[in-house]
Amino acid sequence: MSSAPTRITVIGAGVIGLSCACDLANAGHEVTVIADHGPGDTVSALAGALWFPYYAAGTEQVVERSLRRFVELASLADSVGTDVPDGEVDDLTDDVPPVQMRTGLLHERLAPPDRSWVAPVVKVLGYDAVQPVDGGVRATLPMIMTSRYLAWLMDSCRMNGVAFQWRTVASLEELTGTTDAVVIAGGLRGGELLGGDDAVTPVRGQLMLFANGDGGEDGPLLTDWVVDSDDPSHMTYVFPREDEIVVGGTSEPGSWDETPDQATAEAILSRAEALVPELTELPIIGHGAGLRPARETVRIEHVDGYDLPVIAAYGHGGAGVTLSWGTAERVVELVGEL
Ligand SMILES: Cc1cc2nc3c(=O)[nH]c(=O)nc-3n(C[C@H](O)[C@H](O)[C@H](O)COP(=O)(O)OP(=O)(O)OC[C@H]3O[C@@H](n4cnc5c(N)ncnc54)[C@H](O)[C@@H]3O)c2cc1C
C-alpha cells in the first residue's frame, strides 16, 4: 500500500495495462489508462489463455505471484458457482472471474524436457497438480477465458475508479503536468515512447476457434487442454473454454503478418486433430493471427532520463496473461519506490 495517493497514467489497455491499473487503483492511486486500442482489439484478446510461462525469459520473480492470483480467482469463481441456466450465458455477470482450474497434458519431445515451469506450480498448488506420465506431464493449471476475462478486468478497473481515455500517446512530454508517473504497458509498441527498443520482436501466432459441443447433439464437450510445443515450428495446443475451443498454433519470430493464412490453418488443423480426434466432430467458427510482444527479457523496471518518473512493463512474449498479476504487483512496488 502506498502512503499517499498519486496520479498514475498507464499507457495500454491489454492484459498488462489493465492488471497494472487495477492493482495501482487498489493500492490507493488515482489511475488513468490511455490506449488507442480497446482490450478486445489487442493481442491480449487473442491469447488462449492457459497459465503457462511460454516465451518469457527472465520472469522468475513474477511467475509464481501471477499463479497465486489466478488460483485465487479460480477459487473465487468456484465458490460463486458458474452454473448458468440454459439460454442465459449472455447474462452471466462479470463479477465472476472467468478463470477455471483445468487439467491437461503437456507433451514432451525433448531430452531432457524443459520443466522449469514445474517448481512454481508445485510451490503454489502442491505435488498433486503435476504428474509425470508417459510422454509428458499431466497438470492442473488456470485457464483464463480471455475475452470475458478482459471485460471482467475492465469492470474491475472501473469499479476501482480507473478512468479511461481512448487515444494515441505520441510522446511522454505530452503527459507532463497531467500525471505524477507513467507506466508503459504498450506490448509490442512498448519501446516506441522510450526512443525504440531493439530487444523487442514480434513472434507471430496463428489460431482457429471451434465451437465446443454439449456432449449430445452438438458434439463432444471438451474440457481438458493439450499442449505439444517442444518443436516451435510445429507447436500445437488445444484450449477448451466453455463454449469455444482455441486451437493453435504457430510461433514465427520476426513476422509482422496479422492475417490468418489458409495453408497454415490446414497444417494446424491436421496436427490438432491428430492430438484430439474429437475436433473432427466440431465446427470451426473463426480464425485469428497476432503478434506476441517478445523481448530478450520481459521489461519491468524504472526507466531514468525523463521529466516524469517512468516504469516500463512490456515484452511479455507468449505469456502476457500468465505473467499479468505478477507484473502488476511488481509495478505497484516500483511506483511505491519512486
Ligand atoms: C496466438 C497467441 C496466443 C497466445 N496465447 C497465450 C496464452 O495462452 N497464455 C498467455 O499467457 N499468453 C498468450 N499469448 C501472449 C499474450 O497475448 C501477450 O503476451 C499479451 O497479450 C501482451 O499483453 P500487453 O498488454 O503487453 O500488450 P497488448 O495486448 O498488445 O496491449 C498493448 C496496449 O498498448 C496500447 N498502446 C501501445 N502504444 C500506445 C501508445 N503510444 N498510445 C496509446 N496506446 C498505446 C495498445 O493500444 C494496447 O491497448 C498469446 C499470444 C498470441 C499471439
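Residues in region 36-75 that are more than 8 Å from the ligand (Cβ to nearest atom) and closer than 14 Å to residue 14 by Cα: how many?
1
Which numbered condition trips up residue 178, out of (1) surrounded by 18 or more Cβ atoms within 10 Å (Cβ to Cβ); (2) polar (S, T, N, Q); (3) out of contact with any helix residue (DSSP H, G or I) (no Cβ under 7 Å at 6 or more places or on another chain)?
(1)
So, in region 200-224, exactly how many residues are more than 16 Å from residue 48 (Cβ to Cβ) and either of a type in the set (Ser, Thr, Tyr) or in contact with a His (Cβ under 7 Å, 6 or more places away or on another chain) (or both)? Steps first, answer last, please.
Just the residues of region 200-224 that are more than 16 Å from residue 48 (Cβ to Cβ), to begin with: 200-202, 211, 213-221.
With the extra rule that they be either of a type in the set (Ser, Thr, Tyr) or in contact with a His (Cβ under 7 Å, 6 or more places away or on another chain) (or both), the set shrinks to 201.
Total satisfying the criteria: 1.
Quick one: what pairs do we get from region 182-193, first residue in a helix (DSSP H, G or I), second more than 6 Å from the ligand (Cβ to nearest atom) and polar (S, T, N, Q), C-beta under 9 Å, 6+ apart or different chains?
188/201; 193/171
Among the residues of region 21-30, what is the count of those that are within 15 Å of the ligand (Cβ to nearest atom) and either over 18 Å from the mean Cα position of the chain (by Cα) or assigned to a loop (DSSP other than H, G, I, E, B) (or both)? First the steps, then the outcome.
At the first step, the residues of region 21-30 found to be within 15 Å of the ligand (Cβ to nearest atom) are 21-24.
Now drop any that are not either over 18 Å from the mean Cα position of the chain (by Cα) or assigned to a loop (DSSP other than H, G, I, E, B) (or both), which leaves 24.
Total satisfying the criteria: 1.
Scan region 143-174 residue by residue and report those that are within 11 Å of the ligand (Cβ to nearest atom), over 12 Å from the mean Cα position of the chain (by Cα) and either among the polar types (S, T, N, Q) or over 20 Å from residue 186 (Cβ atoms) (or both).
165, 168, 171
Give the residue, chosen from 291, 334, that is within 14 Å of the ligand (Cβ to nearest atom) and surrounded by fewer than 23 Cβ atoms within 10 Å (Cβ to Cβ). Walk me through how you get there before you give the answer.
Numbers: 334 fails: within 14 Å of the ligand (Cβ to nearest atom).
After applying the criteria, what remains is 291.
Would you confirm whether or not region 287-300 contains a residue that is of a type in the set (Val, Ile, Thr) and closer than 23 Å to residue 147 by Cβ?
To start, the set of residues in region 287-300 that are of a type in the set (Val, Ile, Thr) comprises 297-298, 300.
Checking which are closer than 23 Å to residue 147 by Cβ leaves us with none.
No, that holds for no residue.
State all residues of region 94-133 that are part of a strand (DSSP E or B) and without any contact (Cβ under 8 Å) to a residue 12 or more places away in the chain; if no residue qualifies, say none. Quick ask: steps written out before the conclusion?
Applying the first criterion (part of a strand (DSSP E or B)) to region 94-133 yields 99-107, 130-133.
Matches in region 94-133: 131, 132.
Restricting to region 273-326, and then to whatever is hydroxyl-bearing (Ser, Thr, Tyr) and within 20 Å of the chain's Cα centre (by Cα), can you tell me which residue is nearest to residue 236 (Cα to Cα)? Don't jump to the end; show me each part of the working.
Pass one, region 273-326, residues hydroxyl-bearing (Ser, Thr, Tyr): 280, 297, 306, 314, 322, 324.
With the extra rule that they be within 20 Å of the chain's Cα centre (by Cα), the set shrinks to 297, 314, 322, 324.
Details: 297: 24, 314: 25, 322: 18, 324: 23 Å.
Here the residue is 322.
Right, residue 209: in contact with an Asp or Glu (Cβ under 6 Å, 6 or more places away or on another chain) and more than 19 Å from residue 314 (Cβ to Cβ) or not? Reasoning before the result, please.
Details: in contact with an Asp or Glu (Cβ under 6 Å, 6 or more places away or on another chain): yes; more than 19 Å from residue 314 (Cβ to Cβ): yes.
In short, yes.
Could you list all residues from region 134-146 that are surrounded by fewer than 17 Cβ atoms within 10 Å (Cβ to Cβ) and assigned to a helix (DSSP H, G or I)?
none
Identify all residues within region 294-309 that are in contact with a strand residue (DSSP E or B) (Cβ under 7 Å, 6 or more places away or on another chain) and either within 18 Å of residue 199 (Cα to Cα) or crowded, with 22+ Cβ neighbours inside 10 Å (or both); write none if there are none.
294, 295, 299, 300, 301, 302, 303
For (1) surrounded by fewer than 21 Cβ atoms within 10 Å (Cβ to Cβ); (2) assigned by TED's automatic domain parsing to the domain that holds residue 46; (3) within 14 Å of the ligand (Cβ to nearest atom), each residue gets a yes or a no:
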residue: 223; (1), (2), (3): yes, no, no
residue: 226; (1), (2), (3): yes, no, yes
residue: 245; (1), (2), (3): no, no, yes
residue: 264; (1), (2), (3): yes, no, yes
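The values are calculated or read from the model by the stated rules, or taken from the named source; none is laboratory data. If you're wondering where the values come from, they're calculated on a predicted model, not measured in any experiment. Glycine gets a Cβ as well: all are built from the backbone with ideal geometry, and neighbour counts include every protein chain shown.
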